[in-house]
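Single-structure report; data block below.
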Amino acid sequence: MRTAQVYRWQVPMDAGVVLRERRLKTRDGLFVRLGSAAGEGWGEISPLPGFSTESLDEARAVTLAWVQAWRDGHEPALPALPSAAFGISCALAELAGTLPAEADFRAAPLCTGDPDALLPLLETMPGEKIAKVKVGLWEAVRDGMVVNLLLEAVPDLTLRLDANRAWTPARAQQFAKYVAPENRARIAFIEEPCKTRDDSRAFARETGIAIAWDESLREASFTFDAEPGVRAVIIKPTLTGSLQKVREQVDAARALGLTAVISSSIESSLGLTQLARIAAWLTPQTLPGLDTLNLMQAQLVRPWPGSELACMSLDNLEPLL
């Protein structure tokens, strides 16, 4: 006999979280729990405002319809909405035992503003030192100075940068001007520095700083190609779709010699632990980008190892089905 529940949740965010010029006060989403004689499987469905094409209300409608059909014994196709397809496919994979339990709980620490807060984390970071810095939120000159400062202060540091297409070509060049040429090789990549792919390609060509595709992966015109200056692709499963589609993108990147990085869309602790399992499974040699739990004020159902945030139980969730 099949059982299924859908829960709605909401977690307060830290006051300083801004996404595409809008402040994110809470993170909202759904959990799906599927059960059978074989056990149970969970999945998270949490469209990211400003980045997902669907709203939470749209995701809720298709999720409830899918779950009701599945509970009645049907085998409905996964929804077309990416967040719903991803969460449901995770629940099905857990239920079937095909999502490996081994997880990669390492995370590149994230710096969203104050570089001084990042330095103590790097000092205690075991093994290869990799961190991520959000750029494009401030003046490009300031970003360049901060990045150069970090690279000067920690000689064995490699940085991943994320610009979210914030820069014009002129601003991108302003940034590069303040990063010493000898330090640029320790920038693993900048995710989408400019508003267009052509401008980002030109930036890589002119500065010698490698780039990575992120938003581009979700555009209909995107194709996986090996290009000069392009080093990586950033795969955000909540924005991508089903586990099968995530795996296809990882395989396509690997076939071209590109690094595939599994990255967070600010999921809850439950969703992040599943992303850590997906990273260990599909990209075992690559440090995932999952350091977003500290943007929240609580965990949900499944805690992230080592986090001191309180973990809310099922009693704190709103049952929808």
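The values are calculated or read from the model by the stated rules, or taken from the named source; none is laboratory data. Source: prediction; values computed, not measured. For neighbour counting, all protein chains shown are included, and Cβ atoms are generated from backbone atoms with ideal geometry for every residue, glycine included. Quick note on the areas: whole protein, heavy atoms, side chains included, nothing else; ligands and nucleic acids left out. Shrake-Rupley method; radii C 1.70, N 1.55, O 1.52, S 1.80 Å.
Using only the Cα atoms, what convex hull volume per residue in Å³ does segment 189-270 have?
Values: hull volume 7.8 nm³, N = 82.
Considering the Cα atoms of segment 189-270, their hull volume per residue is 95 Å³.
For segment 177-264, a simple Cβ point-charge model (Lys and Arg +1, Asp and Glu -1, everything else neutral) yields a dipole of about 180 debye relative to the Cα centre. Ranked by the mean number of other Cβ atoms within 10 Å per residue, highest first, peptides 262-275, 143-156 order as 262-275, 143-156.
Computed from Cα positions, the angle between helix 243-255 and the longest principal axis of the chain comes to roughly 30 degrees.
Taken per residue, the accessible surface of the chain reaches 44 Å², heavy atoms only and a 1.4 Å probe.
Find the relative contact order for segment 229-321 and round it to a whole percent, using C-alpha pairs within less than 8 Å whose residues are 6+ positions apart.
Working: 122 pairs, mean separation 21.9, N = 93.
It rounds to 24 percent for segment 229-321.
For segment 74-126, the set of GluC sites (Glu not before Pro) satisfying both a DSSP loop assignment and a count of at most 11 other C-beta atoms within 10 Å is given as E102. Heavy-atom accessible surface of D315, to the nearest 10 Å², is about 140 Å², with a 1.4 Å probe and all protein chains retained.
Do you know the relative contact order of the chain, to the nearest whole percent, from alpha carbon pairs under 8 angstrom that are 6+ apart?
Once divided by the residue count of the chain, the mean separation gives 19 percent.
Summing charges over neighbours of E215, with a neighbour being any other residue whose Cβ is under 14 Å away from its Cβ, gives 0 when K and R count +1 and D and E count -1. Rounded to the nearest 10 degrees, the angle from helix 82-96 to the longest Cα principal axis of the chain is 60 degrees.
Spin-label pair L119-A37: with each label point 7 Å from Cα along the Cα-Cβ axis, the two points sit 6.2 nm from one another. Helix 197-207 axis versus longest C-alpha principal axis of the chain: approximately 40°, rounded to the nearest ten. By accessible area, using a 1.4 Å probe on protein heavy atoms only, the chain has 52% of its surface on carbon and sulfur.
Of the chymotrypsin sites (Phe, Trp or Tyr not before Pro) in segment 216-312, the ones in a loop by DSSP (not H, G, I, E or B) with at most 14 other beta carbons within 10 Å are F222.
Nearest 5 percent is fine: what portion of the DSSP beta bridges confined to the chain is antiparallel?
Numbers: 22 of 47 bridges.
Around 45 percent antiparallel, to the nearest 5.
Which GluC sites (Glu not before Pro) in segment 1-59 sit in a loop by DSSP (not H, G, I, E or B) and have at most 14 other Cβ atoms within 10 Å of their own Cβ? Here the GluC sites (Glu not before Pro) that fit, given the DSSP loop and packing criteria, are E21.
Restricting to Cα pairs below 8 Å that are 6+ residues apart, what does the relative contact order work out to for segment 116-259? Please round to a whole percent. Provide the component values of the computation, followed by the final result.
Values: 223 pairs, mean separation 24.9, N = 144.
This gives 17 percent for segment 116-259.
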